[in-house]
Amino acid sequence: MVVEQEMAEIYPPTSEDLSEYLPETDCGKCGFESCLDFAEAVLTARKDVGTCPEIDDEFAKLVERIAALKKEPIPYDIMMAQVPCELIEINEPDENAPLLITSNFRETVTIMRAILEQTGARVFLLPTFTHGYSVDNAVHERMFKALEVWKAIQENHVSEKTLKQRMIIPGMAESEKNAIRQLTRWDVMVGPVSGFLTPLFLWENDLWF
Ligand code: SF4
């Protein structure tokens, strides 16, 4: 069955998603009853992240940059437009920088680039061949393949650029984690479903340089 590409979404962060990166103590010092309510207020620009005294200033700035990002729907007429599976270096990554895997759907790559560039993440971003399907549809159609991930890593000589043989795959592709790990022998971490939260994921996992 072919998935209707107009179903592709950009998965903006939800308050539930964001609250997972907050202290989750529900202490109420921000004026809200819970971290979940606070997260909703942050995402709807009703509250500054810095209002929470439990959050580090740098982390608060990062959340504010994410909240300010444009999260517009993908136009129908560009569905399945592809980009080459070439390694993209964002914000001058060094050999410690993490490797993020994504699909080769042009809009996915454009959005991920904007998120990472505008939040200051130093990473390698690697589109892998999915026939131009977005990650969610590629997984559904079995087009997000371990073999394509491995091919992209090898063809781009990624192991010469990174010290650690470790990659982060999109949360939507979690089901492919074991297949990718078995084929590549690299460590595979599963990132968030919403690409907008990737910077927070990097921060929380000490992958922010
Ligand atoms: S002050 Fe911070 S930790 Fe406390 S409820 Fe608000 S967001 Fe949660």
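The values are calculated or read from the model by the stated rules, or taken from the named source; none is laboratory data. Since we're looking at a predicted model, the values are computed, not measured. No Cβ is skipped: glycine too gets one built from the backbone with ideal geometry, and neighbour counts run over all protein chains shown.
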Residue within the range 42-49 that is modelled with pLDDT of 95 or more, near the ligand (Cβ under 10 Å from one of its atoms) and not in a helix (DSSP H, G or I) present: no
Among (1) within 16 Å of residue 109 (Cβ to Cβ); (2) out of contact with any strand residue (DSSP E or B) (no Cβ under 6 Å at 6 or more places or on another chain), the one test that residue 154 misses: (1)
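Regarding residue 97, is this residue assigned by TED's automatic domain parsing to the domain that holds residue 162, within 20 Å of residue 13 (Cβ to Cβ), touching a strand residue (DSSP E or B) at 6+ places or on another chain (Cβ under 9 Å) and part of a loop (DSSP other than H, G, I, E, B)? Explain how you work it out, then say what you get.
Working: assigned by TED's automatic domain parsing to the domain that holds residue 162: yes; within 20 Å of residue 13 (Cβ to Cβ): no; touching a strand residue (DSSP E or B) at 6+ places or on another chain (Cβ under 9 Å): yes; part of a loop (DSSP other than H, G, I, E, B): yes.
Here the answer is no, as residue 97 does not meet what is asked.
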The one condition in (1) in contact (Cβ under 8 Å) with a residue 40 or more places away in the chain; (2) surrounded by fewer than 20 Cβ atoms within 10 Å (Cβ to Cβ); (3) within 13 Å of the ligand (Cβ to nearest atom) that residue 63 fails to fulfil: (2)
Among (1) over 30 Å from residue 56 (Cβ atoms); (2) modelled with pLDDT of 95 or more - the single one residue 168 does not satisfy: (1)
Every pair of residues 6+ apart whose Cβ atoms lie under 8 Å, when the first sits in the range 12-38 and is more than 11 Å from the ligand (Cβ to nearest atom) while the second is of a type in the set (D, E, K, R) and assigned to a loop (DSSP other than H, G, I, E, B): 12/71
Test: residue 111 is surrounded by fewer than 23 Cβ atoms within 10 Å (Cβ to Cβ), without any contact (Cβ under 8 Å) to a residue 60 or more places away in the chain and not assigned by TED's automatic domain parsing to the domain that holds residue 46: no
Matching residues in the range 176-202 - criterion: being over 16 Å from residue 134 (Cα atoms), within 10 Å of the chain's Cα centre (by Cα) and not β-branched (Val, Ile, Thr): 197, 199, 200, 201, 202
